[in-house]
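K.L.:
First the structure, which I've put down as structure tokens, then a few questions once you've had a look.
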Amino acid sequence: MPLEAGLLEILACPACHAPLNDRTADENPELVCTGTDCGLAYPVRDGIPVLLTDEARRPA
């Protein structure tokens with residue numbers, strides 16, 4: 001279930017403050033940082049983004 005567009009516009013990566021790419025329609029819903037040096041992927045659980053760097057998946 002994709003996040004509301006208004007919510008996605010105000011969310012940013014807590015690590016580098018870059019915008020987030022919405023991948024909540026995928027099998028593993030997450031918000032992925034668009035920053036070139038960061039790229040962290042934050043999980044979305046029960047429709048709620050978990051924007052904690054300790055919970056984020058590192059880029060492959």
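The values are calculated or read from the model by the stated rules, or taken from the named source; none is laboratory data. Just so you know, these numbers come straight off a predicted model, no measurement behind them. Counting neighbours? That spans all protein chains shown, and the Cβs are built from the backbone with ideal geometry, glycine included. Note: areas computed on protein heavy atoms with side chains; ligands, DNA, RNA excluded. Shrake-Rupley method; radii C 1.70, N 1.55, O 1.52, S 1.80 Å.
K.L.:
Here is a list of conditions, (1) out of contact with any helix residue (DSSP H, G or I) (no Cβ under 9 Å at 6 or more places or on another chain); (2) at negative phi; (3) open to solvent by 30 Å² or more (accessible area, probe 1.4 Å); (4) of a type outside the set (A, V, I, L, M), and D46 meets all of them except one; can you say which number that is?
P.N.:
So D46 meets the others, but not (2).
K.L.:
What pairs come out if I take residues in the range 6-25 that are acidic (D, E) and pair them with residues that are open to solvent by less than 60 Å² (accessible area, probe 1.4 Å) and modelled with pLDDT under 90 whose C-beta lies under 8 Å away, six or more apart or interchain?
P.N.:
Matching pairs, first to second residue: D22/L3; D22/L8.
K.L.:
Quick one: C38 ticks every box in (1) modelled with pLDDT of 95 or more; (2) open to solvent by less than 60 Å² (accessible area, probe 1.4 Å) bar one, so which box is it?
P.N.:
(1)
K.L.:
Before we move on, is L51 of a type outside the set (F, W, Y) and touching a residue at least 40 places away in the same chain (Cβ under 8 Å)?
P.N.:
Here the answer is yes, as L51 does meet what is asked.
K.L.:
Can you name the residue in the range 6-27 that is at pLDDT 95 or above and not in a strand (DSSP E or B) and is also farthest from L52 (Cα to Cα) among such residues?
P.N.:
A18
K.L.:
Let me ask you something else. How many of the residues in the range 1-35 are of a type outside the set (D, E) and open to solvent by 80 Å² or more (accessible area, probe 1.4 Å)?
P.N.:
From the range 1-35, those of a type outside the set (D, E) are 1-3, 5-8, 10-21, 23-25, 28-29, 31-35; that's our starting set.
Retained after the next criterion (residues that are open to solvent by 80 Å² or more (accessible area, probe 1.4 Å)): 1-2, 10, 17, 19, 23, 25, 28.
Within the range 1-35, residues that are of a type outside the set (D, E) and open to solvent by 80 Å² or more (accessible area, probe 1.4 Å) number 8.
K.L.:
Moving on. Pairs only if they're at least six apart or on different chains, beta carbon under 7 angstrom, first in the range 29-44 and touching a residue at least 40 places away in the same chain (Cβ under 8 Å), second among the charged types (D, E, K, R); list them, first residue then second.
P.N.:
Here the result reads V44/E30, each pair linking the range 29-44 to a residue that is among the charged types (D, E, K, R).
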